[in-house]
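Notes follow the structure.
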Amino acid sequence: MAEDFILETAGLVKEFRGFVAVNGVDLKVRRGHIHALIGPNGAGKTTCFNLLTKFLEPTRGEIRFNGIDITREAPEKIARRGIVRSFQISAVFPHLSVLENVRIALQRTLGTSFHFWKSERSLDALNDRAMELLTSVGLETHADMVTVEMPYGRKRALEIATTLALDPELMLLDEPTQGMGHEDVHRVMELIRKVSANRTILMVEHNMKVVAGISDTLTVLARGSVLAEGPYAEVAANPLVIEAYMGTEASDDHPSGPLPGEGGDQGSLLSNSGGGR
Amino acid sequence: MSATEFLRVSDLHAFYGESHVLHGMDFTVRRGECISLLGRNGAGRTTTLRAILGLTGRRTGSIMLNGREVINMPPHRIAQLGVGYCPEERGIYASLSCEENLLLPPQVGSGGLGLDEIYEMFPNLEERRNSQGTRLSGGEQQMLAMARILRTGARLLLLDEVSEGLAPVIVQKLGEIVRKLKQRDYTIILVEQNFRFAAPLADRMFIVEHGQVVEQIAQNEIKEKQHLLQEYLGV
Amino acid sequence: MSRRVTIAYLVGLGLLLLAPMFIYPILVMKVLCFALFACAFNLLLGYTGLLSFGHAVFLGTAAYVTGHALKVWQLPTLLGLLAGTIAAAALGWAIGSLAIRRQGIYFAMVTLALAQMVFFFFLQAPFTGGEDGLQGVPRGSLFGLDLAEDINLYYLVVAIFAGAFWLIQRTIHSPFGQILKAIRENEPRAISLGYDVAKYKLLAFVLSAGLAGLAGATKTLVFKFATLTDAHWHTSGEVVLMTLLGGMGTVFGPVVGATVIVTLQNELADKVGSLVTVIMGAIFVICVLAFRRGIVGESLALYKRMIGQKP
Amino acid sequence: QAGKISGDVVKIAVLTDMSGVYSALGGKGSVIGAEMAIEDFKAQFKPKFKIELVSADHQNKADVGSNKAREWYDTQGVDMITDVLNSGVAIAVAKVTTEKNKIMLNTGAASTRLTNEDCAPNNVVHYVYDTYALANGPGKAVTKQGKDSWFFLTADYAFGHSLEKDTTEAVKANGGKVLGAVRHPLNASDFSSFLLQAQASKAKVVGLANAGGDTINSIKAANEFGLTKNQTVVGLLTTIVDIHALGLPTTQGMMFTEGFYWNLNKETREFSRRFFSRHKGMPNMLPAGTYSAVLHYLKAVQAAGTDDTAAVMKQMKATPINDAFAKGGKIREDGRMVHDMYLVEVKKPADSKEPWDYYNVKQVIPGDEAFQPMSLSRCPAVAKK
Amino acid sequence: MTEIFGVPIQALFGQLMLGLVNGSFYAVLSLGLAVIFGMLNIINFAHGALYMAGAMLAWMGLEYLGIGYWWMLVLAPIAVGLIGIVIERLMLRWLYKLDHLYGLLLTFGLALMIEGLFRDLYGVAGQPYSIPEEFSGAFNLGFMFLPKYRAWVVVASLTVCLFTWYMIEKTRLGAYLRAATENPQLTQAFGINVPLMVMLTYGFGVGLAGFAGVLAAPASQVGPLMGSNLIIIVFAVVVIGGMGSILGSVVTGLGLGIIEGMTKVFWPEASSTVVFMIMAVVLMIRPAGLFGREK
Ligand SMILES: Nc1ncnc2c1ncn2[C@@H]1O[C@H](COP(=O)(O)OP(=O)(O)OP(=O)(O)O)[C@@H](O)[C@H]1O
Ligand SMILES: Nc1ncnc2c1ncn2[C@@H]1O[C@H](COP(=O)(O)OP(=O)(O)OP(=O)(O)O)[C@@H](O)[C@H]1O
Ligand SMILES: [Mg+2]
Ligand SMILES: [Mg+2]
């Protein structure tokens, strides 16, 4: 049934002292999809994320999750509802062990988090589940490592594992592959595809390879409003999108493709900037 | 371009506290040349840039900048010799507005770009000129970090992952800007993950592994040294 | 508690039981009171990273309330102690819920200022006796034992200390303790995992305040009076020093720190007069500059390094 | 245990304010007084037992004081503690002293509570002065001059309160009225705002129910705010050291009660000059009183042949006191030592012939008038029998 | 008419004036704290002690060297500033990489040391310091006495505050300061001599404290404890105003001083706590402080 949207926004608006960052966005995320949010810098992607997770208060518009209006709910409430985000910077508990990191996330379900008289052994019950999660992101061997000591890519993986621990229906990933070398990018791509199994994922990504590789649908934002929507092939062909975002290179993904800067318009762009002297 | 040597880094070792990160970097850059440091995460490229400016912990070896030994100078003295640094983590000041960020770095040389030129290059910045630095979007911050050092008239630019988190169109534009700067005889060191961005711009590329230069590839050798790139970078 | 800690704990307890044969019991009791105070403080600073600079006010409140309860209401000793502890915890809740609205240095300043406010209240309130303090508090008796006898009281104090110390350890190694660690490590992340951070901080603060209160209540019992000194910010500073010197975030650090500081003050008071403050200050500076892990922390590190070096 | 001297040493301790607001009143001076007493005693009686003197600073803190006292009694074998100025501390130490059944000869504190509500006749002697004695002199004299409306500047603790209370009674008794009072903390840094309140009260007399540094600063601030122009400032606990600190120009004409004046007679002059040679300052009633108290105590020990508390107290109460400090002084059953007090007036600069020549003694108040009569005693221990 | 709200007009204006005087001390001190905090991210607990040191120096200058008030008003702040520079060079310098709390702890230790030292030398009883004869006496405004010296205190401190505010908010130096606060390394990498700036800032900040100390010397008695009692109130002022803005801390300082003064008239019992009560309220309704800008 086509009408099964897990997340819908209607006329979502965010203004910062007059400046409109998000301008009447109607976003429809279909259940079970990997939905990519792309667009030029400053288009309003991160702001959208912040609105959906209530790290920012919408100026206008409403957000519906599974048909329920969550526009006015508090961040931790949203998290408990099953919308969990990952941060643009990696968010882990650096001096806890990898296992503990995941356990923290699991612990809430136990409901003993205020029990200061209980022994922490009562938490060992969670270890199996935690190990499962770590295995699913390929960290099982690092379980006892102190988190700081892990390389960047692995930290991202751990962060995703922690996020999974909350068993979110909807995961929001902001530039998950940012600042990664090629191997890491691949690892994370695989990871995302894997965890997308029985849940929905909404992600912001500038790396076209990734977008093209794993997203079912993508929405292009520009200047705060939706420019285009649809499957990659379709959107990538859209001249508006090419002009506003992809540029001439994006149409293919080989390393040794046509080099940037050979497109027509840039010349003028620079000549007038150079005109100064 | 003039063939005079502008920067010579020889046997550079750098440390973060206990950990020994650079193990004898060696490379030279000519005036007006653009070189690029490629390598895996953690190879030591950022550290190289920071070491040139004296931002790492202990460092040994020699760094000749325009014929002067700077290894023992404090960062601000080195910068005043005409070095501009665009850090990996962007380093935008939260307590300053976009424009204040732009105007902060003092002049360290003549012939920097004017404010109007910069705003033409990055229209977003003009639009957001009065909003707080860290309130800018990830990409806008990246542009700001780049623009900031174009103003100061620094002749040696150290650019760390400048194409990071930028929309493809902007990346293209950035490419053009770098070209433009080369024409103006700026000397540039690019640290990049994004090979496709660096390849066409760099006159020479150095591949860094474990804090050492392991390969040097000139612009015209890219095609035949493809296999090297494969094995070192997985490109 | 880990095995090593448990052993140390039992050994220490044994020593305490014998101590009065060799040492002036009043002094040992004083040390114990401040050790407990420091442990309570450490629970907050060492394990949640909240530096409260007004903790003396909880010591003082409990001291006064207990004193009043025993002297005026003539409650039985244990009830008196309880009253003091609860009062301190309640005040902890009030101050805590204000202070946790700010982080880091601001938290320190806010707690300091609020504490000072309470201090002035004590200075003026009739029941505290102002500058004269609340004098002549009866110790009462317990299970027919007359606590006026120092030795009887001594064992009560040891019991209280041992119990409280155990509770603190348990708290640190409890599900709650885990969340506290997480919050200290990365607060926004903890929020995004759905934890209501403020509540956890507050509970930690209340616990710490209550235990500090218990220390104060016991102190009143030992010295038979409660005075403004207990609530003065100098005392707040002292407890920070004890924790820092002993090693913040370590199990036994505060105890060691308290022992050193109290005995030091006792020894020096007559010999160097007001230079004591200078010495305390110097210790502070040295700790911060060169000795940040404190006595216990440093010696643990040393120990680790030594066994590390052995092949 | 009687007939024995514990550890063959009589150990005397001076517990005083060494560095605080009151250090000028007692402090080092009291210690010197005690030393002189011991020397004189040894010279005169060649005792068989050893005598030791220890001293400590109680920083005007009740807890510091009583901790010190407790430790002294428990671990140092101290037999008698003297000086203990600052009423708050004194009351605390009195409690410990009673509990440990030792002796305190208090020569420093002023609160009448020591011989009333908090009296301990078997262990505590209030030796030199008290607020009742201080209050009476000026209370009567000034009010009689027609300056009959008072406002008090009161140090906010036991001493201040009881000084205010006793003066109030004296004023009322002589047909004056009290318009109000403002409490200030011990060792307040800036008195101007308190004095403004006093000024606003329009009272003819501003009574300073404080002491030491506080008194000095009150008087200074009073001058700054032109208070002295149309109101009279009366220091209720003022001694020669304050006058010396402020100088005659500021203080001339002030009236108050002292328990001792160096320039009374040959004996006082002779004692005071000896004291001066060590202290670079004339003694006020505290060091002089401490001298007298220690001497009296040692004589009693000598006579009783023991340092047992009960015996010594009995002996001390039995024998009258005659020395440089007091003539025909006697210790009452409630622990009050009664002796003559002196109502003095500060000389005009012109009339002062030599350094430290500051007072005109207006009136010698006989002990029985100077101090609160037994009939008014609120001391339970005494009332009982 | 001689009464307002049943309060003698004389007392009312008297207290108002005293409030203003205290207020200007709060202002200068919290200003110094704000400047230091802005740059070093350290709450300078030693501020009170150095304020006391300023006053003590003024007194010692007169006592031992016969140097009068006016000279000390210049010399003492400089001396205190130099002390500050030494402190920064020898100690604070090593803490910048650590948690800011260590700065607080270190300066607290220093405060104890300085205070204890003067205590040991001069006891806690205050030393008298007489008012310079230019300013001795008072204007008789008819409804009240306005001691000339107190008037001078207000004028002097406000001038200093204004100057500082201009320097930091309106000059390029200000931008550097803020930048260096946030990311010293990078700022230095732009060619700005950060270490020097930090050192001078701290020197200047504590110099302000020293200045306030000299101003205070004749007004109140000069004693080792004069600082520590004041500093906590100043902390509260800082929390109320919020560290964010220089002007903020000045305005808050003055305002609270006056409020405190009025409380002395209408509700004396609360006068010692009113500032803290206000702080509590502000925390509830505006946690970042009245002028605070915090992330
Ligand atoms: N807190 C804020 N206050 C003012 N303006 C803001 C704030 N946050 C974002 N903006 C502005 O809103 C616009 C959208 O920002 P946003 O971070 O959503 O962009 P983005 O799509 O994430 O871009 P990027 O891909 O570069 O991260 C930007 O122009 C930014 O300057
Ligand atoms: N502040 C630091 N303290 C300790 N070690 C560091 C620090 N910064 C970097 N390192 C270590 O130095 C090594 C080189 O780091 P560097 O940032 O130069 O790598 P890189 O080549 O820039 O890779 P990338 O920037 O893509 O992560 C890495 O192993 C990193 O862990
Ligand atoms: Mg973004
Ligand atoms: Mg890098």
Return yes when B:Glu99 is within 16 Å of ligand 1 (Cβ to nearest atom) and without any contact (Cβ under 8 Å) to a residue 12 or more places away in the chain and no when it is not.
no
Kindly indicate which of B:Leu38, B:Leu55 is within 15 Å of the chain's Cα centre (by Cα), surrounded by fewer than 22 Cβ atoms within 10 Å (Cβ to Cβ), touching a residue at least 12 places away in the same chain (Cβ under 8 Å) and within 16 Å of ligand 4 (Cβ to nearest atom).
B:Leu55
Please determine whether any residue of region A:101-121 is within 14 Å of chain B (Cβ to nearest Cβ), away from ligand 4 (no atom under 16 Å from the Cβ), part of a loop (DSSP other than H, G, I, E, B) and aromatic (Phe, Trp, Tyr).
no
Of the residues A:Val210, A:Val226, which is within 14 Å of another protein chain (Cβ to nearest Cβ), more than 16 Å from ligand 4 (Cβ to nearest atom) and either at negative phi or of a type in the set (S, T, N, Q) (or both)?
A:Val210
Selection count, region A:176-196, where residues are within 20 Å of A:Phe49 (Cβ to Cβ) and either within 16 Å of ligand 4 (Cβ to nearest atom) or small (Gly, Ala, Ser) (or both)
5
Subset of region C:267-302 [under 30 Å from D:Ala13 (Cα atoms) and either facing chain E (nearest Cβ under 9 Å) or among the small types (Gly, Ala, Ser) (or both)]:
C:Ala269, C:Val272, C:Gly273, C:Ser274, C:Leu275, C:Val276, C:Thr277, C:Val278, C:Ile279, C:Met280, C:Gly281
Scanning region B:172-200 for residues that are more than 9 Å from chain A (Cβ to nearest Cβ) and part of a helix (DSSP H, G or I), the one nearest to A:Met246 (Cα to Cα) turns out to be B:Ala198
For the subset of region B:178-235 comprising residues that are within 16 Å of ligand 4 (Cβ to nearest atom) and among the charged types (D, E, K, R), which member is nearest to B:Val21 (Cα to Cα)?
B:Glu209
Which of the strands (runs of 3 or more DSSP E) contained wholly in region A:28-95 include at least 1 residues that are farther than 30 Å from B:Gln172 by Cβ, away from ligand 1 (no atom under 16 Å from the Cβ) and over 17 Å from the mean Cα position of the chain (by Cα)?
A:60-65
Got at least one residue in region C:57-77 being more than 30 Å from D:Lys68 (Cβ to Cβ), in contact (Cβ under 8 Å) with a residue 40 or more places away in the chain and hydrophobic (A, V, I, L, M, F, W, C)?
no
Taking the stated definitions as given, is B:Asn101 part of a helix (DSSP H, G or I), away from ligand 4 (no atom under 16 Å from the Cβ) and within 14 Å of chain E (Cβ to nearest Cβ)?
yes
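Scan the strands (runs of 3 or more DSSP E) fully inside region D:203-283 and keep the ones with 2 or more residues being farther than 20 Å from D:Ser192 by Cβ. Can you show your working first?
On the way: elements: D:205-209, D:232-235, D:255-258.
Result: D:255-258.
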Any residue that is within 12 Å of another protein chain (Cβ to nearest Cβ) and either out of contact with any Ser or Thr (no Cβ under 7 Å at 6 or more places or on another chain) or over 18 Å from A:Ser196 (Cβ atoms) (or both) - is there at least one of those in region A:22-33?
yes
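Condition test on C:Val251, is it surrounded by 21 or more Cβ atoms within 10 Å (Cβ to Cβ), assigned to a helix (DSSP H, G or I) and either at the interface with chain E (Cβ under 9 Å from one of its Cβ atoms) or under 21 Å from the mean Cα position of the chain (by Cα) (or both)?
On the way: surrounded by 21 or more Cβ atoms within 10 Å (Cβ to Cβ): yes; assigned to a helix (DSSP H, G or I): no; either at the interface with chain E (Cβ under 9 Å from one of its Cβ atoms) or under 21 Å from the mean Cα position of the chain (by Cα) (or both): yes.
Criteria not met by C:Val251.
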Go through (1) more than 12 Å from ligand 1 (Cβ to nearest atom); (2) on the phi < 0 side of the Ramachandran plot; (3) within 10 Å of chain A (Cβ to nearest Cβ) for B:Val213 and report which single condition fails.
(3)
Check whether at least one residue in region E:30-46 is of a type outside the set (Asp, Glu), more than 14 Å from chain C (Cβ to nearest Cβ) and surrounded by fewer than 19 Cβ atoms within 10 Å (Cβ to Cβ), and report yes or no.
no
Filtered residues of region C:129-154 (kept if without any contact (Cβ under 8 Å) to a residue 40 or more places away in the chain and within 23 Å of C:Val255 (Cα to Cα)):
C:Asn152
For region E:165-203, which positions are of a type in the set (S, T, N, Q), surrounded by fewer than 21 Cβ atoms within 10 Å (Cβ to Cβ) and away from every other protein chain (no Cβ under 12 Å)?
E:Thr171
Take B:Tyr85 and decide whether it is within 13 Å of another protein chain (Cβ to nearest Cβ), surrounded by fewer than 17 Cβ atoms within 10 Å (Cβ to Cβ) and among the hydroxyl-bearing types (Ser, Thr, Tyr).
no
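Name every residue in region E:109-143 that is surrounded by fewer than 17 Cβ atoms within 10 Å (Cβ to Cβ) and more than 13 Å from E:Gly223 (Cβ to Cβ), in order of residue number.
Within region E:109-143, the first condition is being surrounded by fewer than 17 Cβ atoms within 10 Å (Cβ to Cβ), and the residues that meet it are E:121, E:128, E:130, E:132-137, E:139-143.
Those that are surrounded by fewer than 17 Cβ atoms within 10 Å (Cβ to Cβ) and more than 13 Å from E:Gly223 (Cβ to Cβ): E:Ser130, E:Pro132, E:Glu133, E:Glu134, E:Phe135, E:Ser136, E:Gly137, E:Phe139, E:Asn140, E:Leu141, E:Gly142, E:Phe143.
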Neighbours by Cβ (under 6 Å, 6+ apart or cross-chain): first from region C:221-241, more than 8 Å from chain D (Cβ to nearest Cβ); second β-branched (Val, Ile, Thr) and part of a helix (DSSP H, G or I)
C:Ala226/C:Thr220; C:Ala231/C:Val57
Considering only residues that are away from ligand 2 (no atom under 16 Å from the Cβ) and of a type in the set (D, E, K, R), look in region A:152-176 and name the one that is modelled with the highest pLDDT.
A:Glu169
For region A:173-193, state whether one or more residues are over 13 Å from A:His35 (Cα atoms), crowded, with 21+ Cβ neighbours inside 10 Å, among the β-branched types (Val, Ile, Thr) and within 16 Å of ligand 1 (Cβ to nearest atom).
yes
Can you pull out every residue in region C:124-165 that is on the phi > 0 side of the Ramachandran plot and either of a type in the set (A, V, I, L, M, F, W, C) or away from chain D (no Cβ under 13 Å) (or both)?
C:Gly140, C:Phe143, C:Gly144
Considering every residue within region A:57-66, establish whether at least one is without any contact (Cβ under 8 Å) to a residue 60 or more places away in the chain, buried (at least 20 other Cβ atoms within 10 Å of the Cβ), within 14 Å of another protein chain (Cβ to nearest Cβ) and of a type in the set (Val, Ile, Thr).
no
Top-ranked residue of region B:1-51 - restricted to ones that are part of a loop (DSSP other than H, G, I, E, B) and within 14 Å of another protein chain (Cβ to nearest Cβ), ranked as farthest from ligand 3 (Cβ to nearest atom)
B:Glu18
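Has region C:167-178 got any residue that is more than 8 Å from every other protein chain (Cβ to nearest Cβ), in contact with an Asp or Glu (Cβ under 7 Å, 6 or more places away or on another chain) and without any contact (Cβ under 8 Å) to a residue 40 or more places away in the chain?
Step one: filter region C:167-178 for residues more than 8 Å from every other protein chain (Cβ to nearest Cβ), giving C:168-169, C:172.
Now drop any that are not in contact with an Asp or Glu (Cβ under 7 Å, 6 or more places away or on another chain), which leaves none.
Taking every residue of region C:167-178 in turn, none turns out to be more than 8 Å from every other protein chain (Cβ to nearest Cβ), in contact with an Asp or Glu (Cβ under 7 Å, 6 or more places away or on another chain) and without any contact (Cβ under 8 Å) to a residue 40 or more places away in the chain.
The values are calculated or read from the model by the stated rules, or taken from the named source; none is laboratory data. The model shown is predicted, which means the values in this text are computed figures rather than measured ones. No Cβ is skipped: glycine too gets one built from the backbone with ideal geometry, and neighbour counts run over all protein chains shown.
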